[in-house]
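*Asks:* Let me begin by handing over the structure; questions about it come next.
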Amino acid sequence: MSDSTTYGDPLTALLARVRHCELCAGQLPLGARPVLQMDSRARILIAAQAPGRKVHETGIPFNDASGDRLRTWLGISREVFYDARQVALVPMGFCYPGTGTSGDLPPRPECARVWHGELLPHLQHLQLTLVIGQYARAYHLPAEAGTLTEVVHAWRENWPNRILLPHPSPRNNLWLKRNPWFEKELIPALQARVAEVLAQDR
């Protein structure tokens, strides 16, 4: 997994600044370790929430059970997933926020406020944005009303450029069981759309 920005690309310097960010280090239980993946040529943006503990330890985004499920949903290999020229991974929070009583804490708000406005304009070739979870939804789909389930179920309204997904965490197994339409209807369409985007000539 690497960022494949070319020499002289202004994104390279920006990413270096992001990876050395310690803006909220004092509020992070394991300290600052920003984790993201970007290249200005990427066609797909995955906008999720924040790294978990395992991702913090390895420095590799979605290097956990959630990532395994997400790659299955997308129908792509680890090799494609970690090719920054194809897939950008820009979560709402770049560092592990810690664990609360019912899972990881919300992403720190500083990342979106300080960095997203600089980072996202570099993604000029996006064909598809995958919005994962409620915090990413609030930022990337602010006009969408209803519960997360209702907005996911209405996925055709933002098709084919933006799709809201539930978090692929094992904690959402019950949600998946209660909403079988997600894997029967949305996932096949999503896999076809991902394949279509990745097959396009650069």
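The values are calculated or read from the model by the stated rules, or taken from the named source; none is laboratory data. This is a predicted model, so every value here is computed, not measured. Every residue, glycine as well, gets a Cβ built from its backbone with ideal geometry; the counts of neighbours run over all protein chains shown. Quick note on the areas: whole protein, heavy atoms, side chains included, nothing else; ligands and nucleic acids left out. Shrake-Rupley method; radii C 1.70, N 1.55, O 1.52, S 1.80 Å.
*Asks:* Looking only at segment 156-181, which residues are hydrophobic (A, V, I, L, M, F, W, C) and either part of a loop (DSSP other than H, G, I, E, B) or buried (at least 18 other Cβ atoms within 10 Å of the Cβ) (or both)? It would help to see each step written out before you state the result.
*Replies:* Step one: of segment 156-181, the residues hydrophobic (A, V, I, L, M, F, W, C) are 159, 163-165, 174-176, 181.
Passing the criteria: TRP159, ILE163, LEU164, LEU165.
*Asks:* Please determine whether any residue of segment 128-147 is part of a loop (DSSP other than H, G, I, E, B), touching a residue at least 24 places away in the same chain (Cβ under 8 Å), within 30 Å of GLU22 (Cα to Cα) and under 14 Å from the mean Cα position of the chain (by Cα). Don't jump to the end; show me each part of the working.
*Replies:* Taking segment 128-147 as the starting set, the residues that turn out to be part of a loop (DSSP other than H, G, I, E, B) are 133, 141-147.
Of the ones still in play, those that are also touching a residue at least 24 places away in the same chain (Cβ under 8 Å) are 133.
Checking which are within 30 Å of GLU22 (Cα to Cα) leaves us with 133.
Pick out the ones that are also under 14 Å from the mean Cα position of the chain (by Cα) and you get 133.
Taking every residue of segment 128-147 in turn, at least one turns out to be part of a loop (DSSP other than H, G, I, E, B), touching a residue at least 24 places away in the same chain (Cβ under 8 Å), within 30 Å of GLU22 (Cα to Cα) and under 14 Å from the mean Cα position of the chain (by Cα).
*Asks:* Search segment 150-179 for residues that are closer than 11 Å to LEU130 by Cβ and pair each with any residue that is polar (S, T, N, Q) and open to solvent by 40 Å² or more (accessible area, probe 1.4 Å) when their beta-carbon atoms are under 9 Å apart and the residues are at least 6 apart or on different chains.
*Replies:* ASN161/GLN127; LEU164/ASN158; PRO168/THR72
*Asks:* While we're on this one: Would it be correct to say that GLY98 is of a type in the set (Gly, Ala, Ser), touching a residue at least 24 places away in the same chain (Cβ under 8 Å), on the phi > 0 side of the Ramachandran plot and open to solvent by less than 10 Å² (accessible area, probe 1.4 Å)?
*Replies:* On the way: of a type in the set (Gly, Ala, Ser): yes; touching a residue at least 24 places away in the same chain (Cβ under 8 Å): yes; on the phi > 0 side of the Ramachandran plot: yes; open to solvent by less than 10 Å² (accessible area, probe 1.4 Å): yes.
Spelling it out, GLY98 is indeed of a type in the set (Gly, Ala, Ser), touching a residue at least 24 places away in the same chain (Cβ under 8 Å), on the phi > 0 side of the Ramachandran plot and open to solvent by less than 10 Å² (accessible area, probe 1.4 Å).
*Asks:* Do we have any residue at all in segment 184-195 that's open to solvent by less than 30 Å² (accessible area, probe 1.4 Å), out of contact with any helix residue (DSSP H, G or I) (no Cβ under 7 Å at 6 or more places or on another chain) and closer than 30 Å to CYS21 by Cα?
*Replies:* Going through segment 184-195, the residues open to solvent by less than 30 Å² (accessible area, probe 1.4 Å) turn out to be 186-187, 189-190, 193-194.
With the extra rule that they be out of contact with any helix residue (DSSP H, G or I) (no Cβ under 7 Å at 6 or more places or on another chain), the set shrinks to 189, 193.
Subsequent filtering for residues that are closer than 30 Å to CYS21 by Cα retains none.
No, every residue in segment 184-195 fails to be open to solvent by less than 30 Å² (accessible area, probe 1.4 Å), out of contact with any helix residue (DSSP H, G or I) (no Cβ under 7 Å at 6 or more places or on another chain) and closer than 30 Å to CYS21 by Cα.
*Asks:* Follow-up question, since we're still on this one. Taking interchain pairs and intrachain pairs at least six residues apart, which have beta carbon atoms under 9 angstrom, with the first residue in segment 53-80 and on the phi > 0 side of the Ramachandran plot and the second open to solvent by less than 60 Å² (accessible area, probe 1.4 Å) and of a type in the set (Lys, Arg)?
*Replies:* Here the result reads PHE62/ARG71, each pair linking segment 53-80 to a residue that is open to solvent by less than 60 Å² (accessible area, probe 1.4 Å) and of a type in the set (Lys, Arg).
*Asks:* Hey, another quick one. State the number of residues belonging to segment 80-122 that are part of a helix (DSSP H, G or I) and of a type in the set (Val, Ile, Thr).
*Replies:* 2
*Asks:* Would you call ARG17 free of Cβ contacts under 8 Å to residues at least 40 places away in the same chain and open to solvent by 10 Å² or more (accessible area, probe 1.4 Å)? Spell out how you get there, then give the answer.
*Replies:* On the way: free of Cβ contacts under 8 Å to residues at least 40 places away in the same chain: yes; open to solvent by 10 Å² or more (accessible area, probe 1.4 Å): yes.
Considered against the rule, which asks whether it is free of Cβ contacts under 8 Å to residues at least 40 places away in the same chain and open to solvent by 10 Å² or more (accessible area, probe 1.4 Å), ARG17 comes out as yes.
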